[in-house]
Amino acid sequence: MSDYTPDRWVIVEINSAEHGKIRKVLGSWYGGFAGSDSWRMNSGIEQVIDQGDYYDVVGYSGSVYRCIKGAEGMSAYTRNVFENYKKGLEESGMGTMEIVEL
C-alpha cells in the first residue's frame, strides 16, 4: 500500500462495455526546476473519506491518494495526458473517459 499527495488532481470516469463505469484519481506532480512533471492514475476508487481540508481516496489496490480540496484541476501537461488517454480509448472502441465531480 502506498500513499500519494498530488499537486493537482481530478476524478475521471471510464466507461467500457467490458468493465462498466469506474472512477479513478488522475494525479499530477510538478517537477520543478531540475525535474519533469509526472502523473499517476489509481486503480479505481474504493472509498472516499472526507478529512475536512482534503479527501483520502482509497484505491482498489489499497493505495491512498490525499487530494487537497483547493488543488482540484489539471496542468497543461496533465490535460494533454488526459486527452491522449481519452482519444486512445475512443479510437480503439474500448470506452469513453470524462472528468467528473468527486
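We did not get these values from a lab; they are worked out from the coordinates using the rules stated. Please read all numbers here as calculations on a predicted model, not as lab measurements. Reconstructed Cβ throughout: ideal geometry from the backbone, glycine too, with neighbour counts over all protein chains shown.
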Q.
Can you tell me which lysines have their Cα less than 22 Å from the Cα of K87? Leave out same-chain residues fewer than eight positions away.
A. K21, K24
Q: Mind sorting I22, I11 by how few other Cβ atoms lie within 10 Å of their own Cβ, fewest first?
A: I22, I11
Q: Give me the number: length gained by fully extending M94 to H19, i.e. 0.36 nm times residue separation minus the C-alpha to C-alpha distance, one decimal in nm.
A: 26.0 nm
Q. At I68 and T5, where each label point lies 7 Å from the Cα along Cα→Cβ, what is the point-to-point distance in nanometres?
A. 0.8 nm
Q: Show that you can apply the helix-only estimate: for the chain, add -39,500 (n - 2.57) for every DSSP H stretch of four or more residues, divide by all residues, and state [θ] at 222 nm to the nearest 500.
A: -5500 deg cm²/dmol
Q: Subtracting the Cα-Cα distance from 0.36 nm times the residue separation, let me have the gained length for I49 to S61 in nm, one decimal.
A: 2.7 nm
Q) Taking GluC sites (Glu not before Pro) as exposed when DSSP calls them loop (any state but H, G, I, E, B) and at most 13 other Cβ atoms lie within 10 Å, what is the longest stretch of the chain free of them, the sites themselves excluded? A) 19-100
